[in-house]
1. Pick from the stretch 111-122 the residues that are exposed (fewer than 15 other Cβ atoms within 10 Å of the Cβ) and over 23 Å from Tyr172 (Cα atoms): which of them is modelled with the highest pLDDT?
2. Can you tell me which residue is surrounded by the fewest Cβ atoms within 10 Å (Cβ to Cβ) among those in the stretch 294-323 that are part of a helix (DSSP H, G or I) and in contact with a strand residue (DSSP E or B) (Cβ under 6 Å, 6 or more places away or on another chain)?
3. Quick one: how many residues across the stretch 521-554 are in a helix (DSSP H, G or I) and open to solvent by less than 50 Å² (accessible area, probe 1.4 Å)?
4. For the stretch 280-293, enumerate the residues that are surrounded by 13 or more Cβ atoms within 10 Å (Cβ to Cβ) and among the small types (Gly, Ala, Ser).
5. Which one is farthest from Glu126 (Cα to Cα) among residues in the stretch 137-185 that are open to solvent by less than 20 Å² (accessible area, probe 1.4 Å), modelled with pLDDT of 75 or more and among the hydrophobic types (A, V, I, L, M, F, W, C)?
6. Please find, within the stretch 475-485, the residue that is nearest to Val511 (Cα to Cα) out of those that are out of contact with any strand residue (DSSP E or B) (no Cβ under 9 Å at 6 or more places or on another chain) and open to solvent by 40 Å² or more (accessible area, probe 1.4 Å).
7. Just wondering, is there one or more residues in the stretch 208-225 that are among the hydroxyl-bearing types (Ser, Thr, Tyr) and loosely packed, with under 12 Cβ neighbours inside 10 Å?
8. Taking the stretch 487-520 as the region of interest, how many residues are assigned to a loop (DSSP other than H, G, I, E, B) and crowded, with 16+ Cβ neighbours inside 10 Å?
Amino acid sequence: MPFKLKLCLLIAIAFFSMFVTLLIVDQYSMFRNMHKNLGSMLSKASVQLYETLSLSDSQLAAGMPPDAETEEQLHRLIEGWKRWDARILDITILQPHDHEEQVTSIASYDVIYGEQSHYDAELEQELINQTARDRLFRVNEFEEDGVAYLKSYYSNENMKPAVIRIVYSYEYFHERAAYKVRDWLKYASIFMLFILFGSYLLSGMLLRPLKSILWKVNEVSHGRFDSFIKVRSRDEFGLLAVKINAMSQNLSIYMDKLRKAFEENRRMKNYLQSFINHTSDAIHVVDLQGIIIQVNQAFEQLYGYTAEEALGCSLVLTPESHRGEMKLIIASLLAGKVLPAQETKRLTKLGEVIPVSVTISPIRDSAGEVKAFASITRDMRSRNKMEELLRRSEKLTTVGQLAAGVAHEIRNPLTTLRGFLQLQLKNRTGNAEHTSLMLSELDRINLIVSEFLILAKPQATQFTVKDVKQVLRDVLLFLDSEANLHNAEFLTVFTEEPCQISCEENQLKQVFINVLKNAIEAMPSGGPIYIRLKRNTSHITIEIADEGIGIPEEMIPQIGSPFVTGKESGTGLGMMVSQRIIQSHHGMIDIQSQVNAGTTVTITLPTLKDEGDGGILVEKAGAAGLYG
């Protein structure tokens, strides 16, 4: 219901309540005055009747009815009263049989004048007895057959104790009161209509400023602060309108500031969220109980946990051996210390212990209390590999520099020794068998020195377009006899697609020869050697697998380093040179091996992207150039 209508009804109800109260008071006063006036009138009539009866007091004392003259006088008096007031219905004089003062019942009285009409013995007997005993005047209201009556009783000391009873009709006054109430209600209805109309207009007038205020509040609630309330008065509503206008202006200023701050916070949040999610370092936030409350994508990639698995859980990310160190770090951070990045170990979902660099920072609330810890974890495996490659590069550089000097100094005496041995063999001086053996060993020394020279001096290479299948077939044909000597058998599976690449053929043959010779030597009792050639969109893959003695797992990462080999008479330079050649061809060598089960060497080379490039000479640096 609108407030205006409520106020209108409230005003109307207030006026109507006041009107009803006045009506009740008026009715009560009217009945009270009427009752009082009627009682006074009946009292006067009773006294006058008594004075008329006192003229024949001797007759009443004798118990005789009044004489004709007195009765005529009473009759004229009573008839005059009835003509004057038709509501006087009955006048009765009651006379006792004896002169006893103690009257106990109405039965001891006779009606000496008038008629005993409108008499209710059950209700009136006690009233008559009390009046005769107490010598007083009383008026009581009765109702008979739905009609109201007033009955008065009068007696005094001189009436021996006679009682004058007058019955008066009260119905007229009830009808008059009801008529007055009807008039009041009619006037009240008209007055109520005027009150409703007036209160409606008054409510509208009083609430007009409030409507403007409500309109302004609605505008403010929808974020529109430009409009203002027109102040037309200086009362409380006017003062409220002024304050609301000022509040709206202040809200407009604060909303602009808040909007700018919100936009700035949103941009900063997006920036930080983008930074956190796209950084390569794993970031996660834990509370003081160790529950993870935020992670980024790098965390999922590094540790193997999804965000759903990590959030709200306490994950074991620190190995048992480093948990004491972690407790010391947390204690130091709670003490207010700033710690640099720590190189340590962490545990992934799969149980792998990985080297990492961890920076842990406390997150504080507005009161400066530590509420959480943010950890930034950097995977150190790639860096460690780069450091290992750097160490290998430095080692190769040293080997190359050493090889350049040593090879030059060794080759000169080797040439002299070989010359004299060949001369002895020609002249048949000395033991020919020993001479041949020494020449063989000198050739072996010369081969080793040549491999050193490959490392020491970058070689100019000419890349041409070749089919890897044909190169590999030439190598297999060349090594077929040696394989037969060692009971080895080449089993090939080649793709039917062309496998053309840009390569230096002799170097590539050297790689295949080194790998295949290693496979033959890895099987002292012989066995199958599987050669598979596959091609995909961008690469050609050559797999060479044997069933030999295998390579220990701890030695595999070191293959390619100088003098790292599993053969008693090997130098490890063959695989080092092979790796250098494959890398110069932008390829990769991967070695998988299991002891007593065999070794698989996978060589991956890029396919020829543009066949029109065939025949172009490209000068490329050798291994020393790559690592040095």
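The values are calculated or read from the model by the stated rules, or taken from the named source; none is laboratory data. Keep in mind that this is a model prediction, so the values were computed, not measured. Cβ placement follows ideal geometry from the backbone for every residue including glycine, while neighbour counts extend to all protein chains displayed. For accessibility, only protein heavy atoms count, side chains too; no ligands or nucleic acids. Shrake-Rupley method; radii C 1.70, N 1.55, O 1.52, S 1.80 Å.
1. Val111
2. Ranking the candidates gives Ala307 first.
3. The qualifying residues number 0.
4. Scanning the stretch 280-293 gives Ala282, Gly290.
5. The residue in question is Ala148.
6. Keep residues of the stretch 475-485 that are out of contact with any strand residue (DSSP E or B) (no Cβ under 9 Å at 6 or more places or on another chain), which gives 475, 477-478, 481, 484-485.
Then drop every residue that is not open to solvent by 40 Å² or more (accessible area, probe 1.4 Å), which leaves 477-478, 481, 484-485.
Working: Leu477: 15, Phe478: 14, Ser481: 18, Asn484: 20, Leu485: 21 Å.
So, considering only residues that are out of contact with any strand residue (DSSP E or B) (no Cβ under 9 Å at 6 or more places or on another chain) and open to solvent by 40 Å² or more (accessible area, probe 1.4 Å), the one nearest to Val511 (Cα to Cα) is Phe478.
7. Checked the stretch 208-225: at least one residue is among the hydroxyl-bearing types (Ser, Thr, Tyr) and loosely packed, with under 12 Cβ neighbours inside 10 Å.
8. The total comes to 2.
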